[in-house]
Amino acid sequence: MKKLVILTGGGTGGHIYPNVALIPDLKRAGFDVAYFGGKNSKEEAVMKALSIPFFGFDAVKFVRSLSPAATKNNLTIPKKLHLSVKRAKAELERLKPALVFSKGGFASLPAVLAAAKLDIPVVAHESDMTLGLANKIAKAKGATILKANPLAAFEGETVGMPLRRELFFEDPALARKKLGIGRNEKVLLVVGGSLGAHFFNDKIEKLLPKLSKYFVIHIVGKNSPAPKVNARYMPIAYSNDMPTLYAASDVVLSRAGATAIFELAALKKRAIFVPLPKGVSRGDQELNAELAERYGGKVVWQDNSFDDKFLLALDEIEKNPPMTPIFCDSNGKIANIICAKVRRGDICNDKKHLQNG
């Protein structure tokens, strides 16, 4: 009978897609996989599309603000988290998993805290330079900490970032044909992310006349007003097909989330990163900027002189080499660590190192 690994983490793609990347390695090693995350969430939609059993719980994000709305939100956390941990504990008792693997984010806490109560081993993976709040709590509860960022100073084994294999197999010409873009166009892909869409949407709309040498693909966010369209501008509310968009692009403008930095570096893209300011986030993206620059990305800060600095960076990046790959989980190292943690070498029946970035 196969042993079960519970994957958890969510709230943003940066917490979800590294887990997605691990699923083939874990299955190849002989494990079954299920997912614990937020109810009616992005991670639920992704896992259902992959036919991965999903268990949803109420998950409330801690908002770093003293505004009335933030205070009201944060006051609901203790009660909802208590109920979610209780329900997660009941599911874990029923499923009897061998291990919980957490990618962090507020959606991971019910599974992590419930596992700690049941003495189920927890392995938590941190992408950023510093531990996020959920992973700090996981560490305090005894989790084994792994880190993606080779520059990170906190304790933990450096394993790199799990990257989805499908990112690497899309042909640029085929990707452009699929999108209806000419083979010889210069393509700029703009990815704002859920927290960055508003800023990027305003800026790109304003700067579009100065971007005339590019065909612009712009992910504007699901809840954004529909922008004006022209023959060389493609606004997209949301895309589940980032491999195609990445493959079609010459330059990418992105927030400085760790997963985005690792993906674009692994794909050897020319990329400009705009970190979310501290206060909007916990400041992790500002710290990620050092990693992006070290591996060939350009960093432009979100301030009053953004427009001029972005256009200058766009000119400079065309003359520079593309990014170089960062240390990724290219040898199935995380799956091997999970195997060792479970102490069942007989079910870890494929230790072959598999390229994953």
(message) Contact list please: Cβ distance under 7 Å, first residue in the stretch 232-250 and more than 20 Å from Ser212 (Cα to Cα), second residue of a type in the set (Val, Ile, Thr), pairs at least six apart or on different chains.
(response) Ala237/Val220; Tyr238/Ile219; Ser239/Ile219
(message) Among the listed residues Ser84, Ser41, identify the single one that is outside the structural domain of Ala256 (by TED's automatic domain parsing), among the small types (Gly, Ala, Ser) and either surrounded by fewer than 17 Cβ atoms within 10 Å (Cβ to Cβ) or more than 21 Å from the chain's Cα centre (by Cα) (or both).
(response) Ser84
(request) Pick out the one residue from Glu170, Glu166, Glu155 that is assigned to a helix (DSSP H, G or I) and of a type in the set (Asp, Glu). (result) Glu166
(request) Report yes if some residue within the stretch 240-258 is part of a loop (DSSP other than H, G, I, E, B) and modelled with pLDDT under 90; otherwise report no. (result) yes
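Listed here are the residues, each with its yes/no results for (1) at negative phi; (2) at pLDDT below 95; (3) of a type outside the set (Asp, Glu).
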site: Leu113; (1), (2), (3): yes, no, yes
site: Leu118; (1), (2), (3): yes, no, yes
site: Leu146; (1), (2), (3): yes, no, yes
site: Glu157; (1), (2), (3): yes, yes, no
site: Arg165; (1), (2), (3): yes, yes, yes
site: Val187; (1), (2), (3): yes, no, yes
site: Asn201; (1), (2), (3): yes, yes, yes
site: Leu207; (1), (2), (3): yes, yes, yes
(request) Would you kindly identify the strands (runs of 3 or more DSSP E) lying entirely within the stretch 1-68 that contain at least 2 residues that are farther than 19 Å from Lys341 by Cα? (result) 32-38, 54-57
(request) Would you mind stating whether Phe273 is within 23 Å of Ile219 (Cα to Cα) and either in contact with a His (Cβ under 6 Å, 6 or more places away or on another chain) or surrounded by fewer than 17 Cβ atoms within 10 Å (Cβ to Cβ) (or both)? (result) no
(message) Quick check on the stretch 239-250. Is at least one of its residues crowded, with 20+ Cβ neighbours inside 10 Å and either basic (Lys, Arg) or not assigned by TED's automatic domain parsing to the domain that holds Phe306 (or both)?
(response) no
(request) Might you check whether a residue that is in a strand (DSSP E or B), modelled with pLDDT under 85 and out of contact with any helix residue (DSSP H, G or I) (no Cβ under 6 Å at 6 or more places or on another chain) occurs anywhere in the stretch 226-233? (result) yes
(request) Mind listing just one residue for me: the one in the stretch 260-280 that is at pLDDT below 90 and touching a helix residue (DSSP H, G or I) at 6+ places or on another chain (Cβ under 7 Å) and, of those, nearest to Ala313 (Cα to Cα)? (result) Leu276
(message) Please verify whether Val191 is among the hydrophobic types (A, V, I, L, M, F, W, C), modelled with pLDDT of 90 or more, assigned by TED's automatic domain parsing to the domain that holds Gly9 and surrounded by 14 or more Cβ atoms within 10 Å (Cβ to Cβ), treating the condition exactly as stated.
(response) no
(message) Testing Lys222 on (1) exposed (fewer than 12 other Cβ atoms within 10 Å of the Cβ); (2) under 18 Å from Gly180 (Cβ atoms), one condition comes back false. Which one is that?
(response) (2)
(request) Please enumerate the residues belonging to the stretch 1-47 that are charged (D, E, K, R) and out of contact with any strand residue (DSSP E or B) (no Cβ under 6 Å at 6 or more places or on another chain). (result) Lys3, Asp25, Lys27, Arg28, Lys42
(request) Check off (1) within 20 Å of Ile334 (Cβ to Cβ); (2) surrounded by fewer than 18 Cβ atoms within 10 Å (Cβ to Cβ) for Ala90 and give me the number that stays unchecked. (result) (1)
(request) May I ask you to list the residues in the stretch 269-320 that are aromatic (Phe, Trp, Tyr) and either part of a helix (DSSP H, G or I) or within 25 Å of Lys213 (Cα to Cα) (or both)? (result) Phe273, Trp301, Phe306, Phe310
(request) Please enumerate the residues belonging to the stretch 44-68 that are exposed (fewer than 12 other Cβ atoms within 10 Å of the Cβ) and modelled with pLDDT under 80. (result) Leu66
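The values are calculated or read from the model by the stated rules, or taken from the named source; none is laboratory data. These numbers were taken from a predicted model, which means no experiment stands behind them. Please note: Cβ atoms are built from the backbone with ideal geometry, for glycine as well, and neighbour counts cover all protein chains shown.
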